[in-house]
1. Go through the stretch B:50-69 and report how many residues are outside any loop (DSSP other than H, G, I, E, B), open to solvent by 20 Å² or more (accessible area, probe 1.4 Å) and of a type in the set (Gly, Ala, Ser).
2. For residues that are hydrophobic (A, V, I, L, M, F, W, C) and open to solvent by 30 Å² or more (accessible area, probe 1.4 Å), tally how many sit in the stretch B:342-363.
3. Taking the options B:110, B:103, name whichever one is more than 8 Å from chain A (Cβ to nearest Cβ), surrounded by fewer than 20 Cβ atoms within 10 Å (Cβ to Cβ), within 27 Å of residue B:329 (Cα to Cα) and of a type in the set (A, V, I, L, M).
4. Only residues that are in contact with a Ser or Thr (Cβ under 6 Å, 6 or more places away or on another chain) and buried (at least 20 other Cβ atoms within 10 Å of the Cβ): list them for the stretch B:418-439, please.
5. Out of all the residues in the stretch A:124-149, which are more than 17 Å from the chain's Cα centre (by Cα) and hydrophobic (A, V, I, L, M, F, W, C)?
6. Inside the stretch A:335-346, can you point out the residues that are at pLDDT 90 or above and either in contact with a Ser or Thr (Cβ under 8 Å, 6 or more places away or on another chain) or not hydroxyl-bearing (Ser, Thr, Tyr) (or both)?
7. Could you list, ordered by first residue, the pairs with Cβ atoms under 8 Å in which the first is in the stretch B:45-70 and more than 7 Å from every other protein chain (Cβ to nearest Cβ) and the second is modelled with pLDDT under 90, at least 6 apart or interchain?
8. Based on this model, can you work out whether residue A:203 counts as within 14 Å of chain B (Cβ to nearest Cβ) and either under 18 Å from residue A:296 (Cβ atoms) or in contact with a helix residue (DSSP H, G or I) (Cβ under 7 Å, 6 or more places away or on another chain) (or both)?
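The values are calculated or read from the model by the stated rules, or taken from the named source; none is laboratory data. Owing to the predicted nature of the structure, the values given are computational and were not obtained by experimental measurement. Glycine also receives a Cβ, built like all others from the backbone with ideal geometry; neighbour counts cover every protein chain displayed. SASA here: full protein model, heavy atoms, side chains in, ligands and nucleic acids out. Shrake-Rupley method; radii C 1.70, N 1.55, O 1.52, S 1.80 Å.
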Amino acid sequence: MFSWFYYLSGRTHVSITLLWMNYSRFISKQSSRRKPSCISELRRALENGSPSLVWLASGMPSPEKFPFREMTVTLEGGKQLTLSKEALSTGLQYGPSQGYPLLRKQLKRMVEQWHSPPRWAESDLLVTVGNQDGVSKALDMLLDPEDFIVVPDPCYSDFLCMALYLVPNSCNPTGTNMSEERRQEIYAIAQQYDLIILEDDPYFFLQFNEKQLTSFLSMDVDGRVLRFDSFSKVISSGLRIGCVTGAPPLLQGITLHMQASCICPPMLSQVLIHELLTFWGDEGFKKHISDICQFYKDRRDAMIQALETHLNGICEWIVPEGGIFVWLKVLHLNDTSAMLLERAAKGDVVLVPGREFMVDSTKPCPYMRAAYSCATPEEMMKGMENLAKLIQKEIELQSTHK
Amino acid sequence: MCQPAPACTCGSTFFTAHVTMKYSRFLTQVSRNRQPSLIREMTNLLVQASPELVFMAGGLPNAQMFPFQAGSITLKDGRALTIHPKLMMDCLQYSPTPGYPPLVKQLKTLTQQLHSPPRWAEMDLIVTAGSQDGLCKALEMMISPADYIVTQEPCYTGTLSILNPYKPQYLPVCGDQNGMCPEALKAALSKWKPEEVQDAEKDVPKVLYVNPNACNPTGVSLPADRRQEIYKIASDYNLIILEDDPYYFVQFGDRKNFPPSFLSMDVDCRVIRFDSFSKILSSGIRVGYVTGPKPLVERILLHAQVSLLHAPAMSQVLVSELLELWGEEGFFKHTEAVQAFYLEQRNAMMEAAEKHLSDLCEWAVPTGGMFLWLKVPKIHDTWDMILERALTKNVILVPGKAFMCDSSKPSQYMRAAFSIVSPENMDKGCRNLAELIREEMVLQKTVGNSD
């Protein structure tokens, strides 16, 4: 172990002890038994082979019989991108489980630029089939049955199910951002208890304030963070592309699981994103993010206006600083589930009951989650008007029953 | 479990008893614990909703902000698929977990047409990110650590890599030039009496994995009578049959003479079938599909809901548009062209093998697909020969051990793929392989003598 003073740019001196993590203790029994396929081992031979090597090993289908010859996409603004023959061919064939090499290179550059991870030289990055699949495989890798996991409550509902999972920016469903001080404190606690931190950050690019908060990856002096990034909110959700960054011993288990399941992330999706990022360059990408942030900020503002117009005194909320959700507390109801699941559709407004996001979903919960990503300002105004009526009716219904 | 009933009306002539399967017996605890995602379920409300409904329950990003607006794909036959802006939105936005609805509809029609599953009304079909992801989720749904699994041997390495971390108790079933031997299957299960295990939940085999056509790695296919026998045995022992069939469309011969799938004879509703487009349309786009009993397909769906969410939407849209453009006739015309290509490749491979390897190796002529399974009777184990010495002879194949359930045992086999190698290189490769084998025989003798 080594200690020295490490100057983090723009921040005060801190004392850091450089830790060599024992990763094997985090890996579940099942994951530790995963092995690379023989064929992927043989592929190394290709690297050392002569040009005369006759390769009869892999079961790749022949691309000659794939029926697609050319692909062009039109971007916003009318610019057309035509995939080269090689790029299309790559998009149509099996690829490495870790991801399309050219895209990985681009993403590594972006992660380095955005986060300057302190142990970047010892980190790696994999492309995943959407960031949720990355998180799912990371949890499979880390958790044996009945292991403990620390999660925020409320928590993104599809995950409830050694590790600390958190969504530091525009947390789904609360829309809140974790403050700088809390991030540092939580990292210190994770160090104290030797936890892996799963930093799930799909709204990283959807932050409305100029100042970027410190990611856990960027303070990760120990190599204990697995960071999950997503393009689902900014480029496409349907293409199913995300990425995970972290220490290679932790990524290995995810790669091997990927090899056994999807084989590789969708190649055509990866090629398209690579072409787009190449076309945009850094400036184009920053402009796109800036446009997206403005778009969602305008939506957020319209949502807050609708809330203030119709729900003052009926609900409470915190104004979200990013993302697409607002978390509402109904002041005079114990629980929102029955109202939303049984009566809301008839009332012409649907939100998600807060109970869905609680680790213990049997307890009553007065919260609900509204998404402002797709509704127009007019629809939001109408929706909140409907919601106010719905809540009033529910309060009356409850006092009738009493 | 089996109740006497009037003769089954499904058209099958094999069995008359109507089986009511109890599917929970096959599920792991983790799989049983899976719950539907309320948020995904709530999107179903949209279907019945009035146009006035303001839907704020989904977490969909706004697709207006996605940078691709339209697209076009030109096919090799010169025709084009146009992705207009509305279709591009379908490509770029989150999709339902079971699959892009038009594609699901098309695949259901195709499956019904090709297989006429006898209990189709009790089955479901979902799109997966490649058939292997469907297979992986099906196995994860049913196998717990140390469980039994009945499988063909040699077995596809992808399946072994899913299973090995569970340290399962393999019940390997050997085969011959006609695939898995029903007698060997009976022998593998002979430790138990059918009536003892049919309803048991623990410490009994419950799952059978099989590649019925152009098996990877052996390249051979099961004839109809063997399929019926295997189905009967699976029925007696109450096994779920995992029919992994990625080479269905690259079987050689007239489509009308293809042997019946396990799905087509599934009177018990115990088959989960995995189909793939990887060999005929594209492997990189990651689109496959799984068909099976609703309660089991639902479990796979719930797993997908919390992991990859759905197969890539653009890939699904492309396949759907292509199938629409081609129609049934165009689709089968294409599959026949693919089949003809692989047949030509196989013939070139056989020529090369006969020229260089006939006194050194044995093999069964592949009846489909892309693999030749070679036995080297005079070599004890091909592993070291290939991993340590083959590179110097400029030829690489896969050693047979990689396909064995017990990888500690030696294997005299090796698998050669003939999908993407030219006839010239096949000739060169077989010649190099012959040299490699001859040198290995000498080495083996030398080592033997020096003991």
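1. 0
2. 2
3. Matching residue, one of B:110, B:103: B:110.
4. B:419
5. Residues satisfying the conditions are A:141, A:142, A:143, A:148, A:149.
6. Residues satisfying the conditions are A:335, A:338, A:339, A:340.
7. B:46/B:53; B:46/B:55; B:48/A:345
8. yes
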